[in-house]
Amino acid sequence: MQTEPSQRIHKNATKAWTVNALIVGLVWFIPLVFFVVLSIGGTVNTEVKWYQGIDWFVFSLLLIGGLFMYLLIGLIYPKLRWQRWKYDVSEKEIDLLRGIIIKKRTLVPINRVQHVDTRQGPVYRKFGLSSVTISTAATTHEIPALDDETANELRNTISTLVRKVKGDV
């Protein structure tokens with residue numbers, strides 16, 4: 001049996017993922033609560049009375065449950081995700097291991113790599129992180145949340161290994 005990959009993504013990944021999750025959650029959570037409150041109050045579309053059976057107790061339970069899920073996804077999930085993310089790059093393959101409940105392990109043969117990129121969004125930029133994307137003919141794989149220097153080195157290393165294997169060097 002093969003050993004697990006040993007390289008970890010950057011620790012700031014938890015902070016970046018937390019910020020991302022909280023922003024996305026706000027984009028969905030606040031309008032949903034606003035709509036439900038207005039619906040229960042009867043000021044939105046008074047002709048469709050789908051909300052008549054909902055009372056404030058049920059609404060409060062739904063609101064608390066939604067808030068709990070929002071905080072769980074924003075504060076706990078990123079830490080668990082970071083703990084499970086590992087990778088290794090060798091002359092033969094790229095080994096990716098991730099997943100919280102279900103572990104997913106992907107081995108990408110170096111000779112199947114078509115190109116490799118780095119990517120950085122605004123939240124990653126704030127934390128000095130980048131992702132490395134590895135494209136094959138079938139799909140694209142990502143190693144998320146590496147510090148910028150490591151991401152650039154990894155991109156160049158994979159590119160060099162691919163050229164060596166394919167005889168382009």
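Some points to look at:
- Between I23 and I102, the modelled labels are 2.9 nm apart [label points 7 Å from Cα along Cα→Cβ].
- Amide H contacts of H115: S135, each under 5 Å away and 5 or more positions distant or on a separate chain (H built 1.01 Å from N in the peptide plane; Pro and chain starts excluded).
- Inter-probe distance in nm under a simple model that places probes 7 Å from Cα toward Cβ, at I30 and E142: 2.4 nm
- Residues in region 6-31 reached by a label modelled at K79 [backbone nitrogen below 19 Å; 7 Å Cα→Cβ]: 9-23
- Using heavy atoms of the protein chains and a probe of 1.4 Å, the accessible area assigned to L62 is about 110 Å².
- The value given for region 71-135 is a Kirkwood hydrodynamic radius of 13.7 Å, derived from the mean inverse Cα-Cα separation.
- Compared with the dominant principal axis of the Cα atoms in the chain, helix 148-166 is inclined by about 50°.
- Counting only GluC sites (Glu not before Pro) that DSSP places in a loop and that have at most 14 other Cβ atoms within 10 Å, the longest clean stretch of the chain runs over 92-169.
- Additional length obtainable on full extension of the chain from E149 to R112, 0.36 nm per residue less Cα span: 10.8 nm
- Interatomic Cα distance distribution for the chain, bins of 5 angstrom, percent: 1, 8, 13, 15, 14, 11, 8, 7, 7, 6, 4, 3, 1, 1, 0
The values are calculated or read from the model by the stated rules, or taken from the named source; none is laboratory data. Here the structure is a predicted model, which means the values were calculated and not measured. Methodologically, a virtual Cβ is constructed for each residue, glycine included, from the backbone with ideal geometry; neighbour enumeration extends over all protein chains shown. To get the accessible areas, we keep the full protein, side chains included, count just its heavy atoms, and leave off ligands, DNA and RNA. Shrake-Rupley method; radii C 1.70, N 1.55, O 1.52, S 1.80 Å.
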